[in-house]
Amino acid sequence: MRARTLVWGVVNATPDSFSDGGRHLQAPAAVEHGLALVAQGADVVDVGGESTRPGATRPTEAEELARVLPVVAALAERGVVVSIDTMRAGVAAAALEAGATIVNDVSGGLADPEVAALVAASGATCVVGHWRGHSAGMNDLAVYDDVVAEVRAELGARLAAFEAAGARPEQLVADPGLGFAKRAEHDWALLAALPELVGSWGRVLVGASRKRFLGALLAEAGGRAGGPSSPPPPEQRDDATAAVTALAAAAGAWGVRVHAVRASADAVRVAARWAEAAA
Ligand code: PMM
């Protein structure tokens, strides 16, 4: 039987995160939020200190470390499986030292080439994302003739670079990078190709939670009775996110990364039971 899709809960330890408005800026509040996500069914808690919101400016490495390390250490201490969401090898190394066991690099090692060597040396699981450039300019890079073919080729090259640096294929998880240098039509095309991506890479993580393409969908005229005519705010995109989770799980996703855990935790269990009955 295929393993159940894992649910990653997001803890954004950033002052400018679009999705939680910086409510978890203080380490104790972020830790409490992470523990609450585990209680709601998260298998992994993903801690990040750099907002990747389109147009966001980057924190210094020292700022990023100060935001994430206390949160990573406290959650790991409580037995939580912690992932560090960072594009910096220095931050990833310190987080692994503090008890994280997974590195989540949305840039797939492009922002900092040292990440691949660190992953190889540490043996940690690593999410390798498809990415074309930092948030400040990424919308200009959302140009594709065939988004699925280009993401497959570009992300395939990043996975190969990790292996060339010494990482074992079993350590790596591929992520198509929804919203990273992608417009809504690109995100939908990649989701539609998920079975094919899973066929190629085995372990695929999907990060659709609260993203712009879901806001745009919900704002479409006739999208839903009584629905909004402009994109609803991020925290009103959680039902649509849970729908993506169910479909991603049915398509064989290894994991989903979400802000609101409970509905997705239920959705992956429904999908697993459904698959079991169909087997
Ligand atoms: N998206 C964001 C941040 N980290 N990590 C992975 N692996 N995949 C994603 O799609 C992803 C990510 C941006 O969303 P947020 O600011 O709401 O956390």
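Some notes on this structure:
- Net charge of Cβ neighbours under 10 Å - reference residue 257; Lys, Arg +1; Asp, Glu -1: -3
- Distant alpha-carbon pairs in the chain (separation over 34 angstrom), percent: 12
- For 245, 57, 125, the ranking by accessible surface with the largest value first comes to 57, 125, 245, using a 1.4 Å probe.
- Accessible area expressed per residue, the stretch 6-278, with surrounding protein chains retained (probe 1.4 Å, Å²): 41
- Sequence of 237, 78, 183, 58 from largest to smallest accessible area, 1.4 Å probe: 78, 183, 58, 237
- Förster radius 41 Å - calculated FRET efficiency between residue 63 and residue 196 (Cβ-Cβ, nearest 0.05): 0.55
- Computed lengthening from residue 153 to residue 136, 0.36 nm per intervening residue step minus Cα-Cα distance: 3.7 nm
- Model label points for residue 270 and residue 146, set 7 angstrom from Cα along the Cα-to-Cβ axis, are 3.5 nm apart.
- Accessible surface of the stretch 6-278 [probe 1.4 Å, protein heavy atoms]: carbon and sulfur percent: 55
- Distance between the 7 Å Cα→Cβ label points at residue 229 and residue 278: 3.9 nm.
The values are calculated or read from the model by the stated rules, or taken from the named source; none is laboratory data. This one's a predicted model, so the numbers in the text were calculated from it and none came from an experiment. Here the Cβ is made from the backbone with ideal geometry for all residues, glycine too, and neighbour counts use every protein chain on show. Quick note on the areas: whole protein, heavy atoms, side chains included, nothing else; ligands and nucleic acids left out. Shrake-Rupley method; radii C 1.70, N 1.55, O 1.52, S 1.80 Å.
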